[in-house]
Amino acid sequence: MAKSIQAIRGMNDILPAQIAYWQHIEQQMKTLLDSYGYQEIRMPVLEKTELFKRSIGEVTDIVEKEMYTFADRNNESLTLRPEGTAGCVRAGVQRGLLNQVQKLWYQGPMFRYERPQKGRYRQFYQIGVEVYGIASPDIDAELILLTARFWKKLGLQHLSLQLNSLGNTACRAVYRETLVAYFTQHQAQLDEDSQRRLHSNPLRILDSKNPDMQVLIEAAPRLLDVLDEESRNHFEQLCQLLDRVGLSYEINPRLVRGLDYYNHTVFEWVTDQLGAQGTVCAGGRYDSLVAEIGGKATPAVGFAMGIERLVSLLEAQENPGLPDNSPHAYLVMVGENTLSAGVKFAEQLRDALPDFRLQMHCGGGSFKSQFKKADKSGARFAFVLGEDEIAQQQVTVKYLRENQPQNTVKQTDTAYLQSLMSV
């Protein structure tokens, strides 16, 4: 026997038993985004490596350690996308979308080479939302409030919002010098990654998860203290808008996010229900990225949420609120000459009632074995076609979940059959 082939470590199959959670999250988000006026965009999973180096930043964990990068047959360096924002900007610039306000969203797989653990995989799925062409903080507030509404739709609790401002390029340059001076004084306490970032990307030191450095990081100067008037006003207006609708949040001056393109607003929704991987949704402003990728200067803001982590939160709930997608009825056929009549009845019913979920038995078998499969399918009813029913153009309806008498009706009685959808 040939040796079986296993999936790549950190790249998981999503099995039928779990897919209902995924579909529920995706459908609820699509409905919500439609109601806010956002449009879907789909980008390729493979992009030129330069796109991510230029957008994410070369001195980041993603670019330095985590990207799946290879040379194609033309020796061009290509990368499986590690996040969605850069590709969305590239598509907007290339396709001429960003000469007006755009409110876009996407979903799909991202790829990062890192140590797999619960909530962190090498192939993982995100829903991302991006807005282009609006500089004012009201759109920042809309995105944050949209995510808060999404948690309500899913019935998720134990999620808290953290906010910070990274200011603009000028005040970040001032802060960078202050931060370098501070960490240089304590250079002996920095770990290897932070030593390397000290002069290339010192803000990323604030994002370190090394527990031995947390006291040092907590004592570091705060960027909020050196914001210029424009940046301070933007952040204050955002907070006022959230206050006005009663949304709770915590200002976290150490929140910097792991990507270089952010400015002004950054935010994260976090939970204590998932262990170490507590960030469920994160985003912020990236007003300089469109120009860096080759477009005209365009204000931009967005977020991404991890579907696997949302699935884990839903699975932990007693009542996740998943829709019932089991069949309304299971078609059982008894007798030697009933198959062709059964197929015809099933297709006619699907024509007449497109929303009726009918599972037809296939593969033959005894009356008893067919009913076992009907029960296992989760259907509320069994439709039975025997030779007598076919001769009379009828179908017998048998309850599978309730102790109710069976009923025999005309196959064309679609009003009765439709009423079974709501029983």
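Observations on the model:
- D13/K368 FRET efficiency (R0 35 Å; Cβ-Cβ; nearest 0.05): 0.55
- With only Cα atoms counted, segment 304-423 has Rg and Dmax values of 17.1, 58 Å.
- Each Cα pair under 8 Å and six or more residues apart adds its separation to the average, and for segment 34-133 the resulting relative contact order is 29 percent.
- Using a probe of 1.4 angstrom and keeping all protein chains present, the accessible surface of the chain works out to 51 square angstrom per residue.
- FRET E, pair Q185, E250, Förster distance 41 Å, beta-carbon r, rounded to 0.05: 0.90
- Straight-line reach from K153: taking Cα to Cα under 26 Å and skipping same-chain neighbours fewer than 8 places apart, the lysines in range are K30, K103, K118.
- With 10 Å bins from 0: P(r) over segment 23-177, alpha-carbon pairs, percent: 9, 30, 38, 21, 3, 0
- Counting only Cα atoms, the size of segment 79-169 along its three principal axes is 41, 35, 30 Å, in decreasing order.
- Extension gain for the segment K30 to Q195, taken as residue separation times 0.36 nm less the Cα-Cα distance, is 55.1 nm to one decimal.
- Residue by residue, segment 274-289 carries 3J(HN,Hα) couplings of 10, x, 5, 8, x, 7, 9, 8, 8, x, x, 8, 8, 5, 9, 5 Hz when phi is fed to the Karplus relation 6.51 cos²θ - 1.76 cosθ + 1.60 (θ = phi - 60°); x denotes Gly or Pro.
- Here the dipole of segment 107-186 is about 520 debye; that uses its Cα centre as origin and unit charges on the Cβ of Lys and Arg (positive) and Asp and Glu (negative).
- Of all accessible heavy-atom area on the chain, the percent that carbon and sulfur account for (1.4 Å): 48
- Length-normalised contact order for the chain - Cα pairs under 8 Å, 6+ apart - percent: 15
- K344-L322 FRET efficiency (beta carbon distance; Förster radius 35 Å; 0.05 resolution): 0.55
- Overall form of segment 134-223 per C-alpha gyration tensor (a/c, 1.5; a/b vs b/c): oblate
- The magnitude of the dipole of the chain, with charges of +1 and -1 set on the Cβ of Lys/Arg and Asp/Glu and taken from the Cα centre, is near 880 debye.
- Under 18 Å from the Cα of K376 - lysines, other chains or at least 8 residues apart: K368, K398
- Segment 183-267: relative contact order in percent, alpha carbon pairs under 8 Å with at least 6 residues between: 32
- Taking all pairs of distinct alpha-carbon atoms in the chain, Kirkwood radius in angstrom: 25.2
- Extreme residue, positive dipole direction of the chain, given options Y132, I25, S165 (C-beta unit charges): I25
- Charging the Cβ of each Asp and Glu at -1 and of each Lys and Arg at +1, and nothing else, the dipole of segment 56-121 about its Cα centre rounds to 320 debye.
The values are calculated or read from the model by the stated rules, or taken from the named source; none is laboratory data. The model shown is predicted, which means the values in this text are computed figures rather than measured ones. Note: ideal-geometry Cβ built from the backbone for every residue, glycine included; neighbour counts use all protein chains shown. Areas reflect the complete protein model, heavy atoms only, side chains present, ligands, DNA and RNA absent. Shrake-Rupley method; radii C 1.70, N 1.55, O 1.52, S 1.80 Å.
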